[in-house]
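Just below is one structure, and these are the notes that go with it.
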Amino acid sequence: MNHTEKKTLQDLKPLESAEVESFAGSPDMIARLRELGIRQGLQVSLIGQAPFWGPKLFRAGLTVLALRQEEASCVFIQSLKTDRRRN
Amino acid sequence: MRFHPESQDGSTAELARPVLALVGAPNSGKTTLYNWLTSSHYRVVNYPGSTVEYAVGKAAPRLQFDFAVIDTPGTYSLFPKSLDEEVTLKALYMSHSVGRVTHLAVVVDGTQLDRHLLLAKQAKAIGLPMMVIVTMADLIRRSSVKFRVDVLAQALDCPVVLFDGRMGQGLQQIAQTLRQISEPPAGPDTRGGIKAHAGEALKLQPWSDDQLLLEQSSVDSLAREVWHHEIKGLQEIYHATASADRILLHPVYGMLVFFLLMSLLFTSIYWLAKPMMEGVDLVFTGASEWVLHQQPDSVLFQFLGEGLLKGFGSVMVFVPQIFILFFGIGLLEGSGYLARAATLIDRPFAKLGLSGRSFVPLLSGFACAVPAMMASRNLSSRRDRWITNFIIPLMTCSARLPVYSLLLGFLFFNEPAWKAGVALAGLYLASAVLGALAAGVLNLLLPRREVSFFMMELPLYRRPRLTVLFRQSLHRTRAYILRAGPMIFFFALLIWGGTHFPTGAGTRAEGLEKSYLGQMGHYLTPVVKPMGVDWRVGIGMISAFAAREVFVSTLAIIFQVTGGEASRSEGLLKAMGEARWPDGSPLFTGASVMALIVFFMVALQCMSTFAVASKENSSLAFAITQLVVLNLVAYGLAVGVFQIFSMAALS
């Protein structure tokens, strides 16, 4: 694990994994992110992006979540340096 | 929080039949389960005070246990944040036609335990006898997945049943389990439902953030345990989906597939339905003639044959198209593709002030604006909903199809069928472009106060069960006919009567002109003349407010009076070709027919849409604004088109 500046899901690079740390944004936004199943400690990796710089696709466990960039930037993460195929 | 019933008396009458409410997250397979449980014999109920629908039905007889089933809107949480979630919670506490909810079945996706089990824990707090139904049994039974039902049952302290939505396996077990938990327990009797707590219950205490975290981590470890720390098999399933997504969400191939699928859907609506439509037409024309033949002079038989049967025939004729559209959308939805389509389209939609979530409502708008507006409920931003609902009536709904087929049939009379097909595709495209333009304009005009959300889960790809889809589409089509039917009957009666009375004039054409409707229609002439049509078409346009397709049956009745021809659509086309202005020039020209098409593309001529628009947005002002704006723009455009094309024809 490396601790640098606060990164968000938006900063995640393809196939890079990270752990969700905290949230930012409006209460409504946070509530919705939570209800999608995004929560502290969840391991997430970036697996793709929809065309035209559209929503980014994240994998969490067996789920694919599509988040807009402004939505992804509301989730603070802690990078996991290695690309482990865990979870 | 647990609710103990205060009174145990008086509730026994309701105990006769258990009422099972299905609660589950979106995409949990809840509705599929519901359709299996009830064999699709259900009624869709509008929740009072809102238009959010839930379904109430009776268990299928083959389950050999009499109980009622209530399907609630999909929800991630029982602590309501959106309209959908609120309805779910209310549905659990209110009194239904079948009585109050006595039992809960929480539906969880077996491959998504870590996210769906939280809802089961929340449901536990309600305190009703409960079971958990694990769907996607076909997936979790496959390959090397181990699924510890016993662990789950023990942890949640309630029965757990596996269910395969594709084959319907597990239904008997669900019925048996319900029978077991319906047996009076030794402890306090909770079977009387929670009726004493209807008010209290809505205040179900939400968890604090800390509590939520705690519950979530316990759910996480439970999920791992249930999966027996052996999620390799599930990962295989995931990887199949991931590799499919690499193509289907690819900037080039993904868009290619998207357009291919959409064109396939819409060409099948036209080509596949054609023979069926001809069959329906044949049946109604035949029946109408047979009736008329029985007693040609009886007014009653004339009404039955000319008014009723022909009026209904012209509506029934496009039932195959509606069915195919419902089936197609169901197919895309059931396979998991629809969520991808929404993702693909999110960015372009965002430019118009919408989100990819608007894709499904707008696509449904191509079937019917009424269910489409209802589908816009899952748009979390009010602004998004507003814009989406405003442009939904611009989508080429199936009620426009009979109008378009008639008008295109006239434009391309005696020409190869593909030309009309291409023109129809063009109309579909044009309506999408028009919708986009309108959304863009609204986006500029409306103040931007809320953030719009897109975030969604992309479900695993699965092969849809065709028989289930078939039944579901059949049901939706039937519901559609049942809703449109009475209105069509009423207008058929009105228009037939209006064109037949007072009788006694010389020829039938004269009779029509002197009839009540004819007299009334003459007042319309100055209004509709700038768009190139006369009072007869004007009456058709007004009657179309009942439902657009009534335009065709009205024209059929109006021109049938003057004409009288064997095959209905052929006869109508011929009558249209022969229709003249008083000065002898043809009434229907390329310019006037095109003006009519443009009018029908834009105008909001549908009472049901108006009613739903007002309800869904809880604003009569919205509905009236929409009605006035769309119809004025339609009229203006139609007049413009007619003037330009008739000038072009002159030069």
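The values are calculated or read from the model by the stated rules, or taken from the named source; none is laboratory data. Keep in mind that what you see is a predicted model, and the values were worked out from it rather than measured. Reconstructed Cβ throughout: ideal geometry from the backbone, glycine too, with neighbour counts over all protein chains shown. Just the protein is used for accessible areas: all its heavy atoms, side chains included, with ligands, DNA and RNA removed. Shrake-Rupley method; radii C 1.70, N 1.55, O 1.52, S 1.80 Å.
Tabulated data
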| quantity | calculated |
| --- | --- |
| Any hit, segment A:53-61, residues being more than 7 Å from chain B (Cβ to nearest Cβ), of a type in the set (D, E, K, R) and surrounded by 22 or more Cβ atoms within 10 Å (Cβ to Cβ) | yes |
| Top-ranked residue in segment B:237-253 [being over 11 Å from residue B:460 (Cβ atoms) and in a helix (DSSP H, G or I); ranked as most open to solvent (accessible area, probe 1.4 Å)] | B:246 |
| Among the candidates B:479, B:509, B:505, residue that is surrounded by fewer than 16 Cβ atoms within 10 Å (Cβ to Cβ), within 23 Å of residue B:334 (Cα to Cα) and modelled with pLDDT under 80 | B:479 |
| Candidates B:256, B:212, B:234, filtered to the one that is assigned to a helix (DSSP H, G or I) and open to solvent by 70 Å² or more (accessible area, probe 1.4 Å) | B:256 |
| Of all residues in segment B:235-291 being more than 14 Å from every other protein chain (Cβ to nearest Cβ) and more than 29 Å from the chain's Cα centre (by Cα), the one that is modelled with the lowest pLDDT | B:285 |
| Residues located in segment B:376-394, provided they are in contact with a Gly (Cβ under 9 Å, 6 or more places away or on another chain), over 15 Å from residue B:618 (Cβ atoms) and open to solvent by 10 Å² or more (accessible area, probe 1.4 Å) | B:378 |
| All strands (runs of 3 or more DSSP E) inside segment B:1-110 with 3 or more residues being at pLDDT 75 or above | B:19-24, B:53-58, B:68-71, B:103-109 |
| Residue check for residue B:339: open to solvent by 10 Å² or more (accessible area, probe 1.4 Å) and within 14 Å of chain A (Cβ to nearest Cβ) | yes |
| Qualifying positions in segment B:413-435 - open to solvent by 40 Å² or more (accessible area, probe 1.4 Å), in contact (Cβ under 8 Å) with a residue 40 or more places away in the chain and among the aromatic types (Phe, Trp, Tyr) | B:413 |
| Residue satisfying all of: in segment A:39-52; in a loop (DSSP other than H, G, I, E, B) and more than 7 Å from chain B (Cβ to nearest Cβ); farthest from residue B:341 (Cα to Cα) among these | A:41 |
| Tally of residues being over 18 Å from residue B:438 (Cα atoms), open to solvent by 60 Å² or more (accessible area, probe 1.4 Å) and either of a type in the set (Phe, Trp, Tyr) or part of a helix (DSSP H, G or I) (or both) across segment B:611-627 | 3 |
| Qualifying residue in segment B:118-134 (condition: closer than 21 Å to residue B:67 by Cβ, in contact with a Gly (Cβ under 8 Å, 6 or more places away or on another chain), open to solvent by less than 30 Å² (accessible area, probe 1.4 Å) and in a strand (DSSP E or B)) | yes |
| Every pair of residues 6+ apart whose Cβ atoms lie under 9 Å, when the first sits in segment A:12-38 and is more than 12 Å from chain B (Cβ to nearest Cβ) and surrounded by 15 or more Cβ atoms within 10 Å (Cβ to Cβ) while the second is modelled with pLDDT of 90 or more and in a helix (DSSP H, G or I) | A:12/A:72; A:18/A:9; A:18/A:11 |
| Any hit, segment B:227-238, residues being on the phi > 0 side of the Ramachandran plot and in contact (Cβ under 8 Å) with a residue 24 or more places away in the chain | yes |
| Boolean, residue B:175 is away from chain A (no Cβ under 14 Å) and modelled with pLDDT under 75 | no |
| Test set (1) among the acidic types (Asp, Glu); (2) more than 9 Å from the chain's Cα centre (by Cα); (3) within 20 Å of residue B:223 (Cα to Cα) - residue A:71 fails condition number | (3) |
| Residues satisfying the stated conditions in segment B:374-390, i.e. within 14 Å of another protein chain (Cβ to nearest Cβ), assigned to a helix (DSSP H, G or I) and of a type outside the set (S, T, N, Q) | B:382, B:383, B:384 |
| Residue in segment B:449-465 that is over 30 Å from residue A:47 (Cβ atoms) and either away from chain A (no Cβ under 14 Å) or open to solvent by less than 30 Å² (accessible area, probe 1.4 Å) (or both) present | no |
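Yes/no per residue for (1) more than 30 Å from residue B:537 (Cα to Cα); (2) modelled with pLDDT under 90; (3) in a loop (DSSP other than H, G, I, E, B):
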position	(1), (2), (3)
B:338	yes, yes, no
B:344	yes, no, no
B:353	yes, yes, yes
B:360	yes, yes, no
B:366	no, yes, yes
B:372	no, yes, no
B:392	no, no, no
B:407	no, no, no
